[in-house]
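Data block below; observations after.
The values are calculated or read from the model by the stated rules, or taken from the named source; none is laboratory data. Only a predicted model underlies this, so the values are computations on that prediction, with no experimental measurement involved. Using ideal geometry, Cβ is built from the backbone for each residue, glycine included, and neighbour counts are taken over all protein chains shown. Just so you know, the surface numbers come from the protein's heavy atoms only, side chains and all, with ligands and any DNA or RNA stripped out. Shrake-Rupley method; radii C 1.70, N 1.55, O 1.52, S 1.80 Å.
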Amino acid sequence: MLLRLDNNPDERQVTTNSAGEFSFDVSAFNRAQLTAAQKGFAPSSVSLGAAENTGFVEIRLSVAGLSDAVVVTATRGGRPLRVADSPASISAIEGDNFISSAEQTVDDVLRARVAGFSLFRRTSSLAANPTTQGVSLRATGSSGASRTAVMDDGVPAGDPFGGWIYWSRFPRARISDVEVVRGSLSDEYGSSAIGGVIGFEPRVISPRTIVADFSLGTLHSADFSLFAAHATRDSTQTAGAWGASVAVDTATTDGYIPVASGERGSVDEAAGGWHRTVEVTLERKFSEGGFFASGSRLFVRGQLFGEHRQNGTPLQRNSTASRLIVLGGESTDRYGDAWRLRIFGGTQGYDQTFSSIDASRTREALTRLQRVPARQMGGSLLWSRIFLSKVAASAGMEGRQVRGFSDEIIYDTAGRRSTNTVAGGVQDNLAAMASVEFFASAKLRITGSGRLDSWRNRDGSSSSRSLLANTAARATLFPSRSETAFSPRLSAVFVADTHLSFRASVGRSFRAPTLNELYRDFRVGNILTQGNSALKSERSTTGEAGALWASGQGRLALRGTVFLTMLNDPIANITLSETAALITRQRKNLGRTRSRGVEAEAELRPNSAWTFSSSYLLADARVRVFPADASLVGLSLPQIPRHSLTFQAQRASQHFVNIGLAARYNSDAFEDDRNALRLGSYKVFDIYVSRPIRSGVEVYAAVENLFDRNYATGRTPATTVGTPRTIRMGVNFRSPFR
């Protein structure tokens, strides 16, 4: 728990120990305001007078609702901020939801709670190819690469070569909370933050901590997730405190046949797979008096991740193996200067096979073998400080380098290895950012921020060599290309009273094309999509305005937002030709699209046991300008439904049955750019029931897609369907337990 003692012009901060105890010298204060903030709880303040300077103060925190949740993702440097005080639309999801909910995967938990959250297609990562797992918010769409930045403890989580997300890479038991921030945020996070940012925060390393979950279910599935930690001393205030943690996440499933039953042939089989994640963290916390300030820490974290997937036919497979190491730390001194450092590097190998399938789906032929090795390294250094309780300033620098290439073996129609192609390059990025938040009055805060990014694509090349004839390889060297992007944002928050606040912002964002989009071809079913080395970056302008109202007791909260995003030069898969056997597309800058809509959220807590929440997105996303093909103008963007709705009802009890009900609805959407392949609407219900059997231990049963709804997720051109009804039973542990 973080406590802040304010007495203009000074401010001091301290972090409590795990028992919630704290102490510091306040002899210089005649009167001050002591504010306590802890994630998952509503902030609480007490006034201190001279008489209390040598006494005891007790602060009690209540569970945070929609308006009072404390978040850090919206402020890149990690400064705690109430949702009600943020100029952005934020959904905070506690980590326990990822091990105590009906949904089995991380992305499905988010999909069930955040309207408008979607991958490239509507398939869960349980069965989706990794290259379709880029995430979209605010109806910005996705082409595999994310138009939403995903961060894991301050480190970019996107695939270094392709920008998609491995959702199984996050150990579920290690997640402290996830913050979904919607809207233009390239001023803080750079490339990909057009639709917003999803920030994963790890659990704090504390003494004798265990969080674990184990389940077995239908589809021959098994899941296990563990977070175990220990610290040598029980506080960030004590000298010489060492801590360590280990996180493990593994799952396996036989999966299900993703092709609709009426279109299946003898080549169709279940899309199953497995993944393994192992993560080890070692940290050192420091006391006041040395080079580091009290509460400062340094850590090193290493992660190994691997997965293998069957993609629905005998010949289609993919696998990933990655290694990542992160060095980092945070420091806050008595004057309020806060520093946040991250340095990271890693390697990855991605392998995939591609095939062609005849119209009857009875014959399959191998078309490509593909291997994509990639390396990345990068880092960020961020500073922030509050001056005179009137101005909050932050600044930072960030850099990242990615190297990767696609090495392919292409098969001819006779099944022979005919051609070897290799394409790839290097992408360098360097950025600087700054932000100033001005407290114009007790009710009005204005924030101005900006970030300058400069990136360069270099050493790009493509070569092709015949494997059937003794001929020299044909090579193409792509010229180096550089771009810069300035991403400003201006926002304001007006707190009318303790119940009502208003916010508005306008900003610019961008997304640089990935190496995958520049150089890699891929094939899904009978659709071949080609790379394009001439792609430019996407640029967007976003404006939004909203209001948040909460009742005095925090039992009811309502939030609404209207938004408009104009996206210039979006990268999309454009159809070049169509035959009965092959649809050929290429990535191109589309011209301009417009996404506008309304977001609404509500949360009701009638008593301490029950919580009801819902989110809704009305989105109108269309092509506005496309000089290369005017017939696309006015058509809807692929994969984006007009209406998205989520609903959750939860009953929590320490001694009786806990219940969680989740429902989600999506209206019609289109698979393709020409709006010729329609995906119908669907609604899905999930249920979770658990029973505590002793302190910290509960058994549970979970059902996804309770009514076994059959709904389309894609048409390639065969219709693929979503996850059928699945049932799991398991047990989870949370320390301390007896």
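Of the residues that make up the range 454-475, is at least one more than 30 Å from SER533 (Cα to Cα), surrounded by 14 or more Cβ atoms within 10 Å (Cβ to Cβ) and in contact (Cβ under 8 Å) with a residue 12 or more places away in the chain?
Going residue by residue through the range 454-475, those that are more than 30 Å from SER533 (Cα to Cα) are none.
The answer is no; no qualifying residue exists.
Matching residues to (1) closer than 26 Å to LEU618 by Cα; (2) assigned to a strand (DSSP E or B); (3) not charged (D, E, K, R):
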position	(1), (2), (3)
SER143	yes, no, yes
VAL150	yes, yes, yes
GLY163	no, no, yes
ASP177	no, yes, no
ILE194	yes, no, yes
ILE205	no, no, yes
LEU219	no, no, yes
PHE224	no, yes, yes
ALA228	no, yes, yes
Some residue of the range 96-119 being in contact with a helix residue (DSSP H, G or I) (Cβ under 6 Å, 6 or more places away or on another chain), crowded, with 24+ Cβ neighbours inside 10 Å and closer than 30 Å to TRP383 by Cα: no
The one condition in (1) outside any helix (DSSP H, G or I); (2) closer than 23 Å to THR252 by Cβ that SER184 fails to fulfil: (2)
Meets criteria (over 19 Å from LEU528 (Cβ atoms) and out of contact with any strand residue (DSSP E or B) (no Cβ under 6 Å at 6 or more places or on another chain)) for PHE387: yes
Tally of residues being in contact with a Ser or Thr (Cβ under 8 Å, 6 or more places away or on another chain) and not aromatic (Phe, Trp, Tyr) across the range 377-398: 10
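Could you please let me know if GLY345 is within 23 Å of SER124 (Cβ to Cβ) and without any contact (Cβ under 8 Å) to a residue 60 or more places away in the chain?
Numbers: within 23 Å of SER124 (Cβ to Cβ): no; without any contact (Cβ under 8 Å) to a residue 60 or more places away in the chain: yes.
Taking the combined requirement at face value, the residue does not satisfy it.
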Test: VAL524 is at pLDDT 95 or above and within 26 Å of the chain's Cα centre (by Cα): no
Of the criteria (1) under 26 Å from HIS220 (Cα atoms); (2) under 25 Å from the mean Cα position of the chain (by Cα), which one ALA669 fails: (1)
Tally of residues being open to solvent by less than 30 Å² (accessible area, probe 1.4 Å) and outside any strand (DSSP E or B) across the range 484-508: 1
Test: residue in the range 303-325 that is touching a strand residue (DSSP E or B) at 6+ places or on another chain (Cβ under 9 Å), open to solvent by 20 Å² or more (accessible area, probe 1.4 Å), modelled with pLDDT of 95 or more and within 23 Å of SER384 (Cα to Cα): no
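Among THR232, THR281, THR218, THR238, which is the only one that is over 27 Å from the mean Cα position of the chain (by Cα), at pLDDT 95 or above and more than 25 Å from ARG371 (Cβ to Cβ)? Give the steps one after another, and end with the answer.
Working: THR232 fails: at pLDDT 95 or above; THR281 fails: over 27 Å from the mean Cα position of the chain (by Cα); THR238 fails: at pLDDT 95 or above.
The match here is THR218.
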Matching residues, the range 719-737, being in contact with a strand residue (DSSP E or B) (Cβ under 6 Å, 6 or more places away or on another chain), buried (at least 20 other Cβ atoms within 10 Å of the Cβ) and part of a loop (DSSP other than H, G, I, E, B): GLY722
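Considering each of THR123, THR132 in turn, give the residue that is over 28 Å from LEU66 (Cα atoms), of a type in the set (Val, Ile, Thr), surrounded by fewer than 24 Cβ atoms within 10 Å (Cβ to Cβ) and under 15 Å from the mean Cα position of the chain (by Cα). Lay out the reasoning, then the answer.
Details: THR123 fails: under 15 Å from the mean Cα position of the chain (by Cα).
Testing whether each residue is over 28 Å from LEU66 (Cα atoms), of a type in the set (Val, Ile, Thr), surrounded by fewer than 24 Cβ atoms within 10 Å (Cβ to Cβ) and under 15 Å from the mean Cα position of the chain (by Cα) leaves just THR132.
Of the residues ARG694, ARG678, ARG709, only one is open to solvent by 40 Å² or more (accessible area, probe 1.4 Å), of a type outside the set (Ser, Thr, Tyr) and over 28 Å from TYR256 (Cβ atoms); which? Break it down into steps so the answer makes sense when it comes.
Numbers: ARG678 fails: over 28 Å from TYR256 (Cβ atoms); ARG709 fails: over 28 Å from TYR256 (Cβ atoms).
After applying the criteria, what remains is ARG694.
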Residue within the range 686-701 that is more than 30 Å from SER735 (Cα to Cα) and either touching a residue at least 24 places away in the same chain (Cβ under 8 Å) or not aromatic (Phe, Trp, Tyr) (or both) present: no
Where a residue in the range 521-536 is open to solvent by less than 30 Å² (accessible area, probe 1.4 Å) and of a type in the set (A, V, I, L, M) and its partner, wherever it lies, is part of a strand (DSSP E or B) and modelled with pLDDT under 80, with Cβ under 8 Å and at least six apart: LEU528/PHE522
Only listed residue being in a strand (DSSP E or B) and surrounded by fewer than 20 Cβ atoms within 10 Å (Cβ to Cβ), chosen from THR541, THR565: THR541
